[in-house]
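What follows is a set of notes on a single structure, which appears directly below.
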Ligand SMILES: Cc1cc2nc3c(=O)[nH]c(=O)nc-3n(C[C@H](O)[C@H](O)[C@H](O)COP(=O)(O)O)c2cc1C
């Protein structure tokens, strides 16, 4: 299994309906492909963790990269894993405003090009500390 982390920018026209649509599709597909993870949305950004069988995660990531509802996707990390962080989540959602806005601001303050895996993992860890099961 692998875990893949990336972040991207939502398109300006992105709205709640678009998000609902993404979540519906994600939960349906991910439960079929054995993928779990979380999608963080806030401050015009997405951060997503995908974990599961290598080929399925990579195939899903390629579809996501191609999705016109977001842009400027940056791959942060791909690593082999033994255990999942999000076993029970076919795709959890965290709306990062207003509660966790400071975290998004922290990520934004790193230039996206230079955002490294440690900074990202740290912010994700802070998020997951606050997550309530979806
Ligand atoms: C930010 C973002 C996150 C997404 N996450 C997932 C995901 O976890 N799983 C998934 O199957 N599709 C996800 N999608 C949707 C894919 O880009 C694509 O639209 C979808 O997989 C197509 O599904 P289909 O092949 O069943 O039509 C995401 C899209 C965006 C913009």
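The values are calculated or read from the model by the stated rules, or taken from the named source; none is laboratory data. Just so you know, these numbers come straight off a predicted model, no measurement behind them. No Cβ is skipped: glycine too gets one built from the backbone with ideal geometry, and neighbour counts run over all protein chains shown.
Conditions (1) under 13 Å from residue 93 (Cα atoms); (2) under 14 Å from the mean Cα position of the chain (by Cα); (3) surrounded by 13 or more Cβ atoms within 10 Å (Cβ to Cβ), marked per residue:
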| residue | (1), (2), (3) |
| --- | --- |
| 9 | no, yes, yes |
| 18 | no, no, yes |
| 24 | yes, no, no |
| 32 | no, no, no |
| 41 | yes, yes, yes |
| 57 | no, yes, yes |
| 71 | no, yes, no |
| 74 | no, yes, yes |
| 82 | no, no, no |
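Does segment 3-15 contain any residue that is at pLDDT 90 or above and near the ligand (Cβ under 8 Å from one of its atoms)?
Taking every residue of segment 3-15 in turn, at least one turns out to be at pLDDT 90 or above and near the ligand (Cβ under 8 Å from one of its atoms).
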